[in-house]
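Taking it in order: structure first as structure tokens, then the write-up.
The values are calculated or read from the model by the stated rules, or taken from the named source; none is laboratory data. This structure is a prediction, so every number in the text was calculated from the model and none was measured. Cβ sites come from the backbone with ideal geometry, for glycine too, and all protein chains shown count toward neighbours.
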Amino acid sequence: MLKCSFIEGPILHRLKYGKGRGQNLAKAVGMKFNKNRNIIDATAGLGYDSFILASLGAKVTLIERSQKIHELLQNGIDEGISFGGEIEKIINRMELLFGDSKDILPKLTPEVIMIDTMYKDRKKTALVKNNMRLVREIVGPDSDYIELLKVALNCAKNRVVLKQPRYAEPIKEIRKCSHQILGKTIRYDIFMTN
């Protein structure tokens with residue numbers, strides 16, 4: 001059963017041992033030293049990347065257009081607030097919106113926009129983690145992610161960060177990214193907009 005929780009499981013391990021601002025996610029959004037960011041997670045999913053960024057001091061607005069995933073995420077947020085302590089403090093830096101980011105982004109003044117699309121078919125034979133498979137079944141393919149990326153590039157004041165598999169093909173329909181941050185399995189394509 002799919003569940004969003006910020007008080008148990010792998011997210012707590014990532015919170016405790018994730019290398020803080022030295023991790024690739026934090027570098028990709030530009031969280032250097034004492035620089036906090038106002039970030040929009042335009043494809044929130046279960047919100048784990050947003051939670052990590054909020055734990056590092058960022059103010060994160062999460063946008064999710066799938067009603068089912070939005071409900072799961074809201075339940076996880078409510079559970080985390082009820083849990084109290086440090087988890088509640090982190091979640092208080094997160095704001096959840098329901099709707100299509102393509103429509104919402106132009107109404108906001110985002111500094112950084114993060115996009116994590118539902119990846120296309122993988123070349124590897126290993127299965128993705130169970131939670132991500134379940135999310136993909138609910139959300140389906142992000143067939144309009146290029147349109148979303150174009151909207152984001154017009155709205156972000158500082159940068160757009162596209163999270164993809166490390167060996168994903170470059171997107172031909174948009175300009176080349178400014179730089180990349182490579183992990184073992186994930187690649188962050190960073191598009192500077194300022």
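Summary of values
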| item | result |
| --- | --- |
| Number of positions in the range 58-88 that are touching a Ser or Thr at 6+ places or on another chain (Cβ under 9 Å) and free of Cβ contacts under 8 Å to residues at least 60 places away in the same chain | 9 |
| Elements of type helices (runs of 4 or more DSSP H) in the range 69-163, at least 2 residues being out of contact with any strand residue (DSSP E or B) (no Cβ under 8 Å at 6 or more places or on another chain) and modelled with pLDDT of 90 or more | 85-91, 101-104, 145-155 |
| Among the residues listed as Gly84, Gly30, the single one being surrounded by fewer than 20 Cβ atoms within 10 Å (Cβ to Cβ) and closer than 16 Å to Lys163 by Cα | Gly30 |
| Residue that is modelled with the highest pLDDT [pool: residues in the range 175-194 that are over 21 Å from Val151 (Cβ atoms) and of a type in the set (Val, Ile, Thr)] | Ile181 |
| Filter pass, Thr43 being in a loop (DSSP other than H, G, I, E, B), under 13 Å from the mean Cα position of the chain (by Cα) and crowded, with 16+ Cβ neighbours inside 10 Å | yes |
| Test for Gly57: is it in a loop (DSSP other than H, G, I, E, B), surrounded by fewer than 22 Cβ atoms within 10 Å (Cβ to Cβ) and in contact with a helix residue (DSSP H, G or I) (Cβ under 9 Å, 6 or more places away or on another chain) | yes |
| Odd one out for Leu25 among (1) among the hydrophobic types (A, V, I, L, M, F, W, C); (2) in contact with a strand residue (DSSP E or B) (Cβ under 7 Å, 6 or more places away or on another chain); (3) under 16 Å from Ile181 (Cα atoms) | (2) |
| Close pairs (9 angstrom Cβ cut-off, 6 or more residues apart or separate chains): buried (at least 19 other Cβ atoms within 10 Å of the Cβ) in the range 94-119, part of a helix (DSSP H, G or I) and among the aromatic types (Phe, Trp, Tyr) anywhere | Met94/Phe51; Ile115/Tyr145; Thr117/Tyr145 |
| Single unsatisfied condition, Lys35 versus (1) within 20 Å of Ala156 (Cα to Cα); (2) part of a helix (DSSP H, G or I) | (2) |
| Selection status of Asn194, farther than 20 Å from Asp49 by Cβ and part of a loop (DSSP other than H, G, I, E, B) | yes |
| Filtered residue count, the range 66-91, keeping only those that are among the small types (Gly, Ala, Ser) and out of contact with any helix residue (DSSP H, G or I) (no Cβ under 6 Å at 6 or more places or on another chain) | 4 |
